[in-house]
Amino acid sequence: MLFLTLTHVTGIVAGACLITLILSWSIRRLIGVLIRIHKFSLADRRITTISNVFLRTGSVLIILVSGVMILKEFSIDPTPIIASAGVVGLAVSFGAQTLIKDVFAGLFILMEDQYSEGDRVKLDELPGTVQRLTLRKTVLLDSSGNRHHIPHGSVKIVTVLSN
């Protein structure tokens, strides 16, 4: 019985890894199509930034679904956990308005192509190079080598210093 359960769990993990690889391949393939159709260069930072966001988001969803499947294999009913998470999520959402504000601001930064990874920008009064861009925050590296994690919802003024 335990051997069968461990075999199923191994299969779920292997399937999740395979789906993640397929997702990564699909995103790269889509990027290739975008490059051909819109004449983007492969080094275009917008494509890299958006593909990284899609890949990270997809990976998180794959991990969550795999986790629920693994719980079922160990005869743990995930329904109460998911229902509790929904109730807790509702309660937390009232306190997480800033997080939601950060995510929506991040979506607009990506959709409007305000800046991308590798751009030199000034966020409010803080200049630096965008090292990483996620839906929630921008990681900015200043000239002194300091790394700043700036939530999108707190940024009021964006100045792009170079493309």
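The values are calculated or read from the model by the stated rules, or taken from the named source; none is laboratory data. Remember, it's a predicted structure, so these values are computed and weren't measured experimentally. Every residue, glycine as well, gets a Cβ built from its backbone with ideal geometry; the counts of neighbours run over all protein chains shown. All accessible areas refer to the heavy atoms of the entire protein, side chains included, with ligands and DNA or RNA removed. Shrake-Rupley method; radii C 1.70, N 1.55, O 1.52, S 1.80 Å.
Figures for the structure shown
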quantity: Options 31, 47, 37; residue that is within 29 Å of residue 132 (Cβ to Cβ), touching a Phe, Trp or Tyr at 6+ places or on another chain (Cβ under 8 Å) and either surrounded by 11 or more Cβ atoms within 10 Å (Cβ to Cβ) or aliphatic (A, V, I, L, M) (or both); calculated: 47
quantity: Residue within the stretch 138-147 that is under 16 Å from residue 50 (Cα atoms) and free of Cβ contacts under 8 Å to residues at least 60 places away in the same chain present; calculated: yes
quantity: Residue 21 vs. criteria of a type in the set (A, V, I, L, M), within 19 Å of the chain's Cα centre (by Cα) and within 30 Å of residue 151 (Cα to Cα); calculated: yes
quantity: Any pair with Cβ under 6 angstrom, 6 or more apart, that starts in the stretch 32-49 at a residue that is under 16 Å from residue 110 (Cα atoms) and modelled with pLDDT of 65 or more and ends at one that is open to solvent by less than 80 Å² (accessible area, probe 1.4 Å) and not in a loop (DSSP other than H, G, I, E, B); calculated: 47/31; 49/133
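Okay, residues lined up against (1) in a strand (DSSP E or B); (2) modelled with pLDDT under 85; (3) over 23 Å from the mean Cα position of the chain (by Cα); (4) over 30 Å from residue 5 (Cα atoms):
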residue	(1), (2), (3), (4)
79	no, no, yes, no
83	no, yes, yes, no
86	no, yes, no, no
106	no, no, no, yes
144	no, no, yes, yes
148	yes, no, no, yes
153	no, no, no, yes
159	yes, no, yes, yes
